[in-house]
Amino acid sequence: MLTVAMTPIGTVRSTRTATEDDDWDSVLSSIELDAAQFTAEALTGLETFSHIEVVYLFDRVDPAKVEKGARHPRNNTAWPKIGIFAQRGKNRPNRIGTTICRVDRIEGLRIHVLGLDAVERTPVLDIKPWVREFGPRGYVRQPAWMTELMSGYWVE
C-alpha cells in the first residue's frame, strides 16, 4: 500500500485546548498559515467566500486507539454499533478531520473562523473555499441517532 506524507500548511489557534464533543459554536478560532511556506498572497480572494472547508489532523489521537471496525458512537450503547466510516469520530484510520466553517475575517496569514471543531495547535492540512455546487444534491438522509448526537455539537 502507498504511504502518504503531508506537511501541514498551518495551525489552529483556539480558545479550546481539550478535545470535547459539543458546544463548538462558542469557540473562537483562527487558522494561522505557516509563514515559512506562504505569504498573505496565498489567501487572496478567500475573503469573497462566506465559508471554507478545513482539513486537519487529529494529532492527539493515540494510534493504538484508532478504530478499524465498528463501535458505538461516543461509546453510547443506546446508539447502534456502526462502522468507523459510517460516523465522524476522531479515532479514524488516518485521523483526518474536516469541517465547513464561516469566515469571519482575514488578517495577513490568519483566517478568523466560526464553527471550527479543532483544538489549539491542531495541524491544518488544507483549506478550500466552500462552493455551493459541491454541496449535496437532492435529498439528504441520516439516521435518528446522528441527529441526536449532533443536537449539542454547534449550540452556543
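Just so it is clear, none of the values below were taken in a lab; they were calculated from the coordinates. Here the structure is a predicted model, which means the values were calculated and not measured. A quick note on method: Cβ atoms are made from the backbone with ideal geometry, for glycine too, and the neighbour counts reach across all protein chains shown.
Partners of LYS90 within straight-line reach, counting lysines whose Cα lies under 17 Å from its Cα and excluding those fewer than 8 residues away in the same chain: LYS65, LYS68, LYS81. Mean separation of Cα pairs under 8 Å and 6 or more residues apart, divided by the residue count, gives segment 10-150 a relative contact order of 37 percent. Using R0 = 35 Å, the C-beta based FRET efficiency linking ARG105 and ALA78 works out to 0.30.
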